[in-house]
Structure formats: structure tokens, C-alpha cells
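Inspection log for the structure reproduced underneath, given as C-alpha cells.
The values are calculated or read from the model by the stated rules, or taken from the named source; none is laboratory data. Remember, predicted model here, so these are calculated numbers, not experimental data. Here the Cβ positions follow ideal geometry from the backbone for every residue, glycine too, while neighbour counts run over all protein chains shown. For accessibility, only protein heavy atoms count, side chains too; no ligands or nucleic acids. Shrake-Rupley method; radii C 1.70, N 1.55, O 1.52, S 1.80 Å.
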Amino acid sequence: MLNLDQILERLYNKQIIAEPVIAYLCSLAKEVLIQESNVVRLCTPITVVGDIHGQFEDLLEIFRIGGPCPFTNYIFLGDYVDRGYYSVETITLLLCLKLRYPKRITLLRGNHESRGITQTYGFYSECLRKYGSANVWKQITDIFDFLTLAATIDDSIFCVHGGLSPSIQHIDQIVVLDRFREFPHEGAMADLVWSDPDPSIQEFSLSPRGAGYSFGEVIVSKFLHENNMDHILRAHQLCSEGYQILFEKKLSTVWSAPNYCYRCANLASILQIDTDKSRFFNVFDAAPNQENPYVEPTAKATEYFL
């Protein structure tokens, strides 16, 4: 029988978990995640976490600041891997916490929870470096297909990794999507993980990222009205101050990877929402022992922030 508490202790000490154990964890995680709807209904109090991107020490800092799971309820908005050098430890810890406390932690899918993206931005090469093969990468990227796409908090706040889609007017349309697959380059599922708000426009326009859409305040107001919601919470975009509030406080971006890529010098935040719906952005800097221990291969780094 797998002892999750022992594995969690090893992970908190940043110890590599053996490949067969990860394979078994992934098989158990599929059984838990497959039971979740495409849109999970959550309640306050809850703490919202944005992109982590393999910055494991900063993930531990989040648990120090926000409180350990299960004493704090968490929703993570996606992008657990790539860019940082501890993606394996980061996603393994979160999956173990999901197995140990399935009602206390919710994991959404981000645009980096993808086989294609992770082959370019670091997770694939990290698995090769740490395990000598792509087996762990395959096992974990298979799990990505099981992660849910969105959530609501107190039936009033809509949570998603990226943003809105011209194909989605009602949340019920997300519920019926087939999420158990690699997300396509276009369409509703891709838009949810790729799209961004843009204060300079009102409606939808093509995204400069090459996937998803940019969307303005009219789109946000219409979506909130049609779904009887008050606010949209999302991640996906680097914020130098750790968060950003747009469209007369109708939409917030939460960014939780401080000193992104170990060089951006940005702050990060988690969003703590209480039962009275009050929202507090708890801003923090990089963990004191944040590390950049590896020199990556000589291929030119991609500057574009995905």
C-alpha cells in the first residue's frame, strides 16, 4: 500500500521520487480526477494560486504564506511545469496532495499542461535529465488530459487558466467539452487556456500568442451577466506586481511565480477569498533559497512568456 504521507515528506525535502512510484501515483490520480466535472464547484474560504512553472521553492513558500494543505483550501489555476528547474517535484507534490486531500485542493489545466508545449519549454528535458528516459514525462503528461478546465467559487466567481472564448457563452458549454485529450490548437478548449484580457479592445480579437483570443470589457461583462457571476479569476500572464485587476474590478490575474525564470525580478501573489467574499492579494517575493542550479543546453531561450 502506498504511504502518501511518507512520499509527501520526501517531496517537501525535495527528494526525487522513483519512477515506478510516480507511475503508480499517476494511475491513482487518474481515478480521482476522472470523477471531477469540467467545471468544479467550490466554496469559500479558499486561496487561489496562479502559474508556478516548476519553481518548487516558491511553491513551498506559498504553503508557508497561505497555510498548509489541508488546513487551507486551494485552487491552482494551471501551468505547474516548464521554465523552472523543479517541474517534476512541483507537479508530483501537487498530485500527491490531490490524492491525500482530494476535497481540499483543485488543479486546473493550463496551456503548459500539454505534450507539445512541454517538449519545448523544459519539462521534457528535465525528465530526461533526472530519470534518463521519457517515461516519467509520458506518465505525467497523460495525467494532464484528466485535469479539469474551470471552476466556480460560491457560484459567483469564474476561475480559468487563460480566459474566455467566442465559442463559450454559458458555463454549461464547458461542462460538455471532451477534456480527456491533448488540447487542440484552436477551439473552445484551447481558448480557455490561451486567451488574455486586453484593456485596449472591447470585443474579441486574434491573440498575438498565435492561439486563443484577446478579449475586452464588453465580452467580460456579457459573460458575467449571462452566467450570473460577479468576477473572473485567471492566471497565464506575468504581472510585475504579482497581480492585476481590470475592467472595473470584474477580472483579476493572479501570478504566483516570483522572479520568473530566475531573472524577471517580479513579485508574485496568492489570492485569499473569505466567506464574506472579501479578496486579499497576498504579495510575496522569491523564496530566500530560490535556486537556478542548472545550465540549460545552448539552444536559444524563447523570450516569449507563454
Distance in nm between residue 134 and residue 28 label points, each 7 Å along Cα→Cβ, equals 2.8 nm
Cα extents of segment 19-286 along the principal axes, largest first, in whole Å, come to 50, 37, 36
Whole-percent carbon and sulfur contribution to the accessible surface of the chain (1.4 Å, no ligands, DNA or RNA) stands at 52 percent
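Can you tell me what share of the DSSP beta bridges in the chain is antiparallel? A percent to the nearest 5 is fine.
On the way: 21 of 41 bridges.
So the antiparallel bridges amount to about 50 percent of the total.
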Under a Gaussian network model of the chain whose springs join Cα atoms within less than 10 Å, the largest fluctuation of 34, 270, 140 belongs to 34
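Relative contact order (percent) for segment 19-286, with alpha-carbon contacts under 8 angstrom and 6 or more residues of separation?
Details: 599 pairs, mean separation 55.0, N = 268.
RCO, segment 19-286: 21 percent.
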So the FRET efficiency between residue 35 and residue 154, C-beta based with R0 = 30 Å and rounded to 0.05, is 0.85
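Output the antiparallel fraction of DSSP beta bridges having both residues in segment 211-280, as a percent to the nearest 5. Let's see the in-between values first.
Values: 6 of 9 bridges.
Among the beta bridges of segment 211-280, antiparallel pairing accounts for roughly 65 percent.
Per residue, how much accessible area does segment 19-286 show when a 1.4 Å probe rolls over the protein heavy atoms, in square angstrom? Walk me through the intermediate numbers first.
Values: 9760 Å² over 268 residues.
The answer is 36 Å² per residue.
Based on Cβ point charges of +1 for Lys and Arg and -1 for Asp and Glu, what charge dipole magnitude is obtained for the chain about its Cα centre, in debye rounded to the nearest 20?
On the way: 26 positive and 37 negative charges, 107 e Å.
So the dipole magnitude of the chain works out to roughly 520 debye.
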Between the modelled labels at residue 230 and residue 265 (7 Å from Cα along Cα→Cβ) the distance in nm is 3.8 nm
